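Nothing in this text is a laboratory measurement; each read-out follows from the coordinates by a stated rule. Worth saying up front: this structure is predicted, and the values here are computed from it rather than measured. All Cβ positions, glycine included, derive from the backbone under ideal geometry; neighbour counts span all protein chains shown.
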Amino acid sequence: MRASAVNLDPGVRRIPYEPAYDVREMVTVEDVMEREGLGPNGAILRAIDILAEDENLERLVRGLESVDADFIVVDTPGQAEAFALRASGRRIVGAISARFSRTTAVFLGEVGSDVLVEDFLTAALLAKIIELKLDVGVVPALNKADLGGGERLKEIWTSVLRGETRDLILEGGGVASEALSELLEAIKEFRTAQRVALISAREERGLDELFDMLVEVWCACGDMT
């Protein structure tokens, strides 16, 4: 199987791969800043809006169709509020998924030493919001497994997705704990993914598990439990 990467981030300056297609051929954040007098934040929003215009969407889809690969990995802007949570992001993903029926999003978290249960609750809820906004399946993954401690964090995130952390949340007490518990119940009702892929992009670890989860989304032959 052959895979190719596509860059969908108009603001990135350097990428650690050779993209098979690059939207910076159409628009860059730096050009928008200079042309329209915007700051970096406004320019990234404006650049994504430009990509979502009809003519550019057609050009983007044609560019993806020209990629000679079995699978295309689309590298999107990392700021959810700039892409995944905006109408322009939904429009771009909608155009892609209309042409490529097995389009699926990977929600990337990362291994860290100071991650709390509350952080995983927030991540699980945000992943579901993105799934609803973009109207595509979402697979959760924890990157930077090579830093250590990933298995424990994967266990916590999986427990959150399965609604098994209520007692742990309530240990702190207070209004915030009650609110988090209510969020946990909502996540359980969403019937969201209940497995988390633990990966290391640097060491290429866990990618088989991630691919298996993607296949389960595509073929509806599993529930990612």
Linear extension gain, residue 58 paired with residue 179, 0.36 nm per residue minus alpha-carbon span: 39.2 nm
Efficiency by 1/(1 + (r/R0)^6): what FRET value for residue 69 and residue 147, r their Cβ-Cβ distance, R0 = 30 Å, to the nearest 0.05? 0.50
Quick one: 3J(HN,Hα) in Hz for segment 64-69, Karplus 6.51/-1.76/1.60 with θ = phi - 60°, rounded, Gly and Pro as x. 5, 5, 7, 6, 8, 7
Provide the packing ranking of 102-108, 4-10, i.e. peptides ordered by the mean count of other C-beta atoms within 10 Å per residue, highest first. 4-10, 102-108
Starting from the 7 Å offset along Cα-to-Cβ, what nm value, one decimal, do you get for the label separation of residue 38 and residue 218? 3.4
Counting only residues 5 or more places away or on other chains, whose amide H sits under 5 Å from the amide H of residue 74 once H atoms are built in the peptide plane? 6
